[in-house]
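Beneath this line is the structure, given in structure tokens, with notes to follow.
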Amino acid sequence: MKKSLSIALMALVAMALVLGSCGKPAETGPKTITIMQNKPEIDPMLKAYAAIWGQANNVNVVVKSIGGTAGAMGPQLKADYAAGDMPDIFTFDGLESYKEWEGVIYDASAEPWVQKTSVAFKYNGKVFGAPVAVEGWGMAYNADMLAKAGIDPKTLVNYDGFKAAFEKLDKMKAELGIASVVSMAASVEMGWVTAHHNFNSLLSNGLPYGDLSVVNDLLAGKVDATRLSEYADWVELLFKYADRSVLLTGNYDSQVGAFATGKAAFLHQGNWTDPNMKAANATFKMAFAPHGSMKQATDGIFVSAPSYYAINKESKNLDLARKFIVDLVNTPEGHNYMVKEAGMIPAYSGVSLKPDGQLSQSVQEWSAAGKVYSWSQYYFTGDFRDKVLNPIYNQFAAGQITKAQFIDQMTKAFIANKQ
Amino acid sequence: MKTKRENALVFWLFLAPVLVAFALVIVVPFALGIYYSFTNWSSSARADSVVRFIGLENYAKSFADPAFLHSFIVTVGYTAMNVVFINAVAFGLAMLVTSKIKLRKFYRVGFFLPNLIGGLILGYIWQFLFNNALPSLGNVIPFLSGLADPDAYMLSKSGTALVALVIVGTWQYAGYIMMIYIAAIENVPVELHEAAMIDGASPLQRLRAITLPMVAQAFTVTMFLTLVQSFKQFDVNVSLTSGGPSTLFQGRPILGTELLALNIYNTAFLSNKLSEGQARAVVFFVVLAVISLIQVAVNKKKELEL
């Protein structure tokens with residue numbers, strides 16, 4: 001009897017050892033706040049800034065950077081949420097992902113930075129997200145090459161302007177030393193270029209900033225045939241004058257690389273390619289032209305905040321998390337991090353620094369002139385864009401379906417998407 | 001009587017840590033997973049995020065989705081090709097490195113190495129080979145000029161992209177399976193071969209009548225491993241093709257090489273339908289379990305006992 005008792009006791013001790021290691025040590029020392037964000041390319045800069053800020057405020061700041069599109073950060077955030085380990089500050093990219101986290105996002109309407117930005121994330125009249133930066137895309141062009149070909153970038157405001165320019169450049173390919181006119185990617189991996197960015201031309205090109213009329217019609221399954229048909233012409237034009245290997249199988253590096261090394265006169269990307277241009281030693285002059293997705297002239301490019309900082313309202317250190325954002329917007333160290341270190345276009349007034357990249361400067365110029373169109377693609381679910389639209393673009397690019405079939409498939413997709 | 005009970009107690013106590021760990025990381029998540037597949041769970045803070053029991057809705061939706069059905073077909077095709085290729089190549093390599101050629105130890109290591117490279121990296125390396133290296137080969141060598149045509153790239157069409165997945169899968173896994181075959185081939189008693197040789201059997205006859213039946217036990221294991229590995233293929237799929245290029249299925253453009261595991265992942269995290277992805281994972285588990293049980297039963301019948 002005694003023996004079995006001692007065995008049972010031993011077992012208890014063993015169990016306690018096994019389970020005990022699962023517990024957390026008691027918290028001592030400075031408080032910790034966790035930031036999760038979706039731009040791995042600025043991870044070292046943000047960590048450096050967070051370290052400086054943390055030292056000044058006696059806080060331990062943990063930065064987690066989870067790569068690429070929302071699809072990559074989503075799983076990690078969900079896992080952390082399920083584990084009760086939700087970060088204090090996290091980024092989200094628009095309405096659909098806002099809805100995903102609606103229950104924990106802090107109402108920031110009364111924060112001091114709200115007055116300093118025009119692109120904060122708002123929903124039902126309340127502010128929920130602090131813009132990380134301002135980004136923009138259009139048709140990036142090689143200004144030196146256009147000058148050589150005698151093309152005035154000011155004519156690039158509608159379909160006819162682009163068509164004439166593309167045809168002219170196509171004839172001068174050998175002379176200019178280019179492999180194709182435009183560097184466009186439409187592989188499934190690059191679906192964010194077609195089914196997210198290019199798709200947005202259909203949604204907001206030529207409309208006043210924030211106008212959701214086309215979005216709401218499409219969400220209701222009502223398709224404007226003229227607008228869609230003009231848009232299909234534009235997509236066809238881009239695909240026709242693209243390098244087929246980059247178009248069908250190219251990745252980000254090959255798409256951006258073709259433009260940076262002077263193998264293409266146009267690039268269908270945004271100002272986030274500035275570091276790639278620098279890395280490739282691209283010294284030619286470059287800037288953005290609008291998209292030519294319509295017959296009418298659309299004199300503006302697509303500019304918005306790509307993602308927003310959300311504050312977790314269930315955070316144990318809510319005040320510190322709030323202060324982090326406030327200091328980012330209000331201190332010279334914060335400005336230096338945003339603009340000089342991370343190379344972003346600041347989304348807040350009162351920042352006098354300017355980014356170095358040519359494309360970022362071009363976005364700032366368009367923005368300052370007020371010639372901007374919204375980003376409306378986030379009103380459609382990731383599911384719809386990546387699994388329904390993306391294959392349609394890919395089929396069209398590969399020549400598996402005709403333009404008429406493309407229009408038909410897009411129309412069917414919108415009708416099937418109606419809720 | 002008393003010692004017997006004590007022995008049993010000690011037995012279970014020693015087993016307890018493992019049992020607890022097994023329960024915590026396998027049994028509980030598995031049971032929870034099955035439970036979640038019948039709910040609307042999304043692991044997010046949606047405004048209406050109350051976990052509700054919704055019966056078989058997730059399963060019904062999954063089977064109504066052409067992309068899921070297509071993934072099934074593609075995965076079965078991929079698995080069939082992969083099992084045949086991997087085993088054929090692995091057995092060939094095993095025969096080679098158990099023969100009397102020079103540097104056979106070196107070859108063994110060489111063939112096994114790809115298995116040590118992570119699938120994600122492997123996918124990106126091969127993407128470069130298919131998209132850049134092969135075409136530039138086509139540019140240099142005249143009679144291979146067909147390779148340089150962008151429409152002929154292996155990754156530009158869903159059919160050939162699936163073959164590309166098989167090539168990479170074989171390259172990655174054949175070395176590992178080879179190791180199992182090597183062990184089996186080296187265990188075949190030399191006397192059998194000697195006796196057959198005295199009787200005048202040719203190498204091919206010896207392969208068919210001695211080596212193959214003697215390594216049948218290894219076939220059970222390798223078939224099982226390759227079958228399960230191919231069915232669960234995920235990382236190479238993500239990095240090499242991301243599920244593309246697209247294809248038309250039931251009149252709808254969908255992802256052409258999206259294997260089941262990727263389809264489940266995309267459903268759960270790209271489409272934000274966690275519980276529906278979970279339902280698909282349960283279906284996936286049942287199908288895989290049934291197929292591999294059948295495979296093991298069939299293979300077992302062919303094994304020889306000496």
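The values are calculated or read from the model by the stated rules, or taken from the named source; none is laboratory data. Because the structure is predicted, anything quoted here is derived from the model rather than measured. Backbone-built Cβ (ideal geometry, glycine too); neighbour counts: all protein chains shown. Ligands, DNA and RNA are excluded from the accessible area calculation, which covers all protein heavy atoms including side chains. Shrake-Rupley method; radii C 1.70, N 1.55, O 1.52, S 1.80 Å.
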Checklist entry - If A:Ala185 satisfies every condition in (1) open to solvent by less than 30 Å² (accessible area, probe 1.4 Å); (2) aliphatic (A, V, I, L, M); (3) away from chain B (no Cβ under 14 Å) but one, which is the exception? => result (3)
Checklist outcome for this item: In region A:118-137, residues that are open to solvent by less than 30 Å² (accessible area, probe 1.4 Å), out of contact with any Pro (no Cβ under 9 Å at 6 or more places or on another chain) and either closer than 14 Å to A:Ser374 by Cα or among the aromatic types (Phe, Trp, Tyr) (or both) total 3
Item to check | Criterion (under 13 Å from the mean Cα position of the chain (by Cα) and closer than 23 Å to A:Glu189 by Cα) met by exactly one of B:Lys273, B:Lys232 | outcome: B:Lys232
Checklist outcome for this item: Those residues of region A:323-362 which are farther than 17 Å from A:Glu41 by Cβ and β-branched (Val, Ile, Thr) amount to A:Ile325, A:Val326, A:Val329, A:Thr331, A:Val351
Item to check | B:Ala184 being outside any helix (DSSP H, G or I) and either without any contact (Cβ under 8 Å) to a residue 60 or more places away in the chain or more than 14 Å from chain A (Cβ to nearest Cβ) (or both) | outcome: no
Next on the checklist: Of the residues A:Thr261, A:Thr226, only one is without any contact (Cβ under 8 Å) to a residue 40 or more places away in the chain and more than 25 Å from A:Ile407 (Cα to Cα); which?
Outcome noted: A:Thr261
Checklist outcome for this item: Exactly one of A:Ala140, A:Ala174, A:Ala195, A:Ala179 is more than 14 Å from chain B (Cβ to nearest Cβ) and in contact with a helix residue (DSSP H, G or I) (Cβ under 8 Å, 6 or more places away or on another chain), and that one is A:Ala140
Checklist entry - So which residues in region B:128-156 are at the interface with chain A (Cβ under 9 Å from one of its Cβ atoms) and closer than 25 Å to B:Leu93 by Cα? => result B:Phe130
Item to check | A:Ala140, sole failed condition from (1) of a type outside the set (Val, Ile, Thr); (2) at pLDDT 95 or above; (3) open to solvent by 20 Å² or more (accessible area, probe 1.4 Å) | outcome: (3)
Checklist entry - If we scan region A:221-231, do we find a residue that is under 26 Å from A:Ser367 (Cα atoms) and open to solvent by less than 10 Å² (accessible area, probe 1.4 Å)? => result yes
Checklist entry - Can you list the helices (runs of 4 or more DSSP H) found entirely within region A:127-233 that contain at least 2 residues being hydroxyl-bearing (Ser, Thr, Tyr)? => result A:199-204
Item to check | Residues being open to solvent by 30 Å² or more (accessible area, probe 1.4 Å) and not in a helix (DSSP H, G or I) - total across region B:248-288 | outcome: 7
Next on the checklist: So the check is Cβ under 9 Å with 6+ separation or different chains; which pairs have a first residue in region B:263-282 that's more than 7 Å from chain A (Cβ to nearest Cβ) and more than 15 Å from B:Ser43 (Cα to Cα) and a second one that's open to solvent by less than 20 Å² (accessible area, probe 1.4 Å) and basic (Lys, Arg)?
Outcome noted: B:Asn263/B:Arg280; B:Ile264/B:Arg280
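A quick yes/no check of all residues on (1) at pLDDT below 90; (2) open to solvent by 20 Å² or more (accessible area, probe 1.4 Å):
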{"residue": "A:Glu41", "(1), (2)": "yes, yes"}
{"residue": "A:Ala51", "(1), (2)": "no, yes"}
{"residue": "A:Val59", "(1), (2)": "no, no"}
{"residue": "A:Leu77", "(1), (2)": "yes, no"}
{"residue": "A:Ala82", "(1), (2)": "yes, yes"}
Item to check | Test set (1) open to solvent by 60 Å² or more (accessible area, probe 1.4 Å); (2) part of a helix (DSSP H, G or I) - B:Lys102 fails condition number | outcome: (2)
Next on the checklist: A:Trp366 - would you say it is farther than 24 Å from A:Tyr309 by Cα, of a type in the set (A, V, I, L, M, F, W, C) and in contact with a strand residue (DSSP E or B) (Cβ under 6 Å, 6 or more places away or on another chain)?
Outcome noted: yes
Item to check | In region B:20-44, the residues that are open to solvent by 80 Å² or more (accessible area, probe 1.4 Å) and within 11 Å of chain A (Cβ to nearest Cβ) | outcome: B:Leu24
Next on the checklist: Based on this model, can you work out whether A:Ile407 counts as facing chain B (nearest Cβ under 9 Å) and surrounded by fewer than 22 Cβ atoms within 10 Å (Cβ to Cβ)?
Outcome noted: no
Item to check | Looking only at region A:100-117, and only at residues there that are without any contact (Cβ under 8 Å) to a residue 12 or more places away in the chain and open to solvent by 60 Å² or more (accessible area, probe 1.4 Å), the one that is farthest from the other protein chains (Cβ to nearest Cβ) | outcome: A:Gln115
Next on the checklist: Suppose the filter is in a helix (DSSP H, G or I), crowded, with 18+ Cβ neighbours inside 10 Å and away from chain A (no Cβ under 14 Å); does B:Leu93 pass it?
Outcome noted: yes
Checklist entry - If you check B:Ile86, B:Ile121, which single one turns out to be open to solvent by 60 Å² or more (accessible area, probe 1.4 Å), of a type outside the set (Lys, Arg) and under 23 Å from the mean Cα position of the chain (by Cα)? => result B:Ile121
Checklist entry - Restricted to region B:1-59, and to residues that are aliphatic (A, V, I, L, M), in contact (Cβ under 8 Å) with a residue 12 or more places away in the chain and not in a helix (DSSP H, G or I), which residue is farthest from A:Lys99 (Cα to Cα)? => result B:Leu56
Checklist entry - Out of region B:64-76, which residues are part of a helix (DSSP H, G or I) and either without any contact (Cβ under 8 Å) to a residue 12 or more places away in the chain or surrounded by 15 or more Cβ atoms within 10 Å (Cβ to Cβ) (or both)? => result B:Ala64, B:Ala67, B:Phe68, B:Leu69, B:His70, B:Ser71, B:Phe72, B:Ile73, B:Val74, B:Thr75, B:Val76
